[in-house]
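Mind having a look at this structure? Questions to follow.
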Amino acid sequence: MRIEEVNTSSRQQAMEFLESCRPGMVAILGPLLAQPGRCIFLWADGEGGPVAAAVAVSNPGRTAMIFLCHVGLSQAGPAAVVGLLEELTRRAFQRGAQLVQAMLSPAGHPDAGLLEQAGYRRLAELIYLRRGLAVPWQAGQTSLEFRPYGGQDAALAEIIRRTYEDSQDCPGLLGWRAMEDVLASHKASGLFRPGCWWIPHLDGQPVGCVLVNDLTWPAGACEVVYLGVCREFRRRGLARQMLRHAMAQARQRGRGEMLLAVDAGNSPAVGLYRQEGFREDDRRVVYIKSP
């Protein structure tokens, strides 16, 4: 079994292999593969032709996302797929990634064991939620002063670090990433709108942050890329006020829908979003590996 990088001469065959294993994958990866230096594209070739292929897509914040396709373990063999994952991950680390991720559908996905054999560990199950902003809601009174983010990354990074303390939102990720990488990832998620990032204050003290970016797809949508409350200000209903402020501002800007993702294990946050009218759209289990 040979593990090789897909080159210009083998690109068409490799793309056809991706599409045959996972229809629709070429539509997702095609534009990314066209960006020079953005992706690492490897495949495993047996005597009868390719049996597995995988792509690592580099993202801002020194992260990479893995996409895996194979013909089935009965033909590819687990050792070949695990070897492919290990080699792809090693090359992603060589290019500077500090966190490599893979996402699978829940309920016993067959690739979960392959990722674990390749050194990945399960981080969390994410629930993807969405809410139409045409549906009215009660804004209510707010005790918060919403100050816009003014480009002060160091101050915002410190506030985000404080929101991580005793957080139920992906606690297994704590300490894995530098704060400058966290901010870079948040800015690169969708269309960064500095005026849609707020640091709410209570009695002159910052209580957390709510960061919203616009999306090009779905059209007219926006996304809460992060919402967190500092430990000493929790259990006061402030997260609800922050979420409603974000929804009101998005609606005023003409956004028709708000999306977000939340750790399924973060029961307070899941309950809040459901109470505020968000409905589940999808779930994914996240696996991660660090150098």
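Is there any pair linking a residue in region 186-212 that is under 12 Å from residue 228 (Cβ atoms) to one that is polar (S, T, N, Q) and assigned to a helix (DSSP H, G or I), with Cβ under 6 Å and at least six apart or on different chains, and which?
208/163
Out of the residues in region 16-46 that are aliphatic (A, V, I, L, M) and under 20 Å from residue 80 (Cβ atoms), state the one that is farthest from the chain's Cα centre (by Cα).
For region 16-46, the residue satisfying everything is 44.
Of the numbered conditions (1) over 30 Å from residue 46 (Cα atoms); (2) surrounded by 14 or more Cβ atoms within 10 Å (Cβ to Cβ), residue 82 fails exactly one; give the number of that condition.
Unmet condition: (1).
From 195, 190, 172, 151, grab the single residue that is among the small types (Gly, Ala, Ser), assigned by TED's automatic domain parsing to the domain that holds residue 276 and farther than 24 Å from residue 246 by Cα.
From the options 195, 190, 172, 151, the qualifying one is 172.
Going residue by residue through region 24-31, is there one that turns out to be surrounded by 18 or more Cβ atoms within 10 Å (Cβ to Cβ), modelled with pLDDT of 95 or more, under 26 Å from residue 290 (Cα atoms) and in the same structural domain as residue 80 (by TED's automatic domain parsing)?
no
If I go through region 151-176 residue by residue, how many of them are touching a helix residue (DSSP H, G or I) at 6+ places or on another chain (Cβ under 8 Å), in contact (Cβ under 8 Å) with a residue 40 or more places away in the chain and surrounded by fewer than 18 Cβ atoms within 10 Å (Cβ to Cβ)?
Residues flagged as touching a helix residue (DSSP H, G or I) at 6+ places or on another chain (Cβ under 8 Å), in contact (Cβ under 8 Å) with a residue 40 or more places away in the chain and surrounded by fewer than 18 Cβ atoms within 10 Å (Cβ to Cβ) within region 151-176 amount to 4.
Quickly run through region 272-291 and pick out the residues that are surrounded by fewer than 20 Cβ atoms within 10 Å (Cβ to Cβ) and within 14 Å of residue 131 (Cα to Cα).
272, 274, 275, 276, 277, 279, 280, 281, 282
Ok, one more. Do we find a residue being closer than 30 Å to residue 43 by Cα, in contact (Cβ under 8 Å) with a residue 24 or more places away in the chain and among the basic types (Lys, Arg) anywhere in region 90-112?
Taking every residue of region 90-112 in turn, at least one turns out to be closer than 30 Å to residue 43 by Cα, in contact (Cβ under 8 Å) with a residue 24 or more places away in the chain and among the basic types (Lys, Arg).
The values are calculated or read from the model by the stated rules, or taken from the named source; none is laboratory data. Given the structure is predicted, the values throughout are model-derived calculations rather than measurements. Ideal geometry is used to build each Cβ from the backbone, glycine not excepted, and the neighbour counts take in all protein chains shown.
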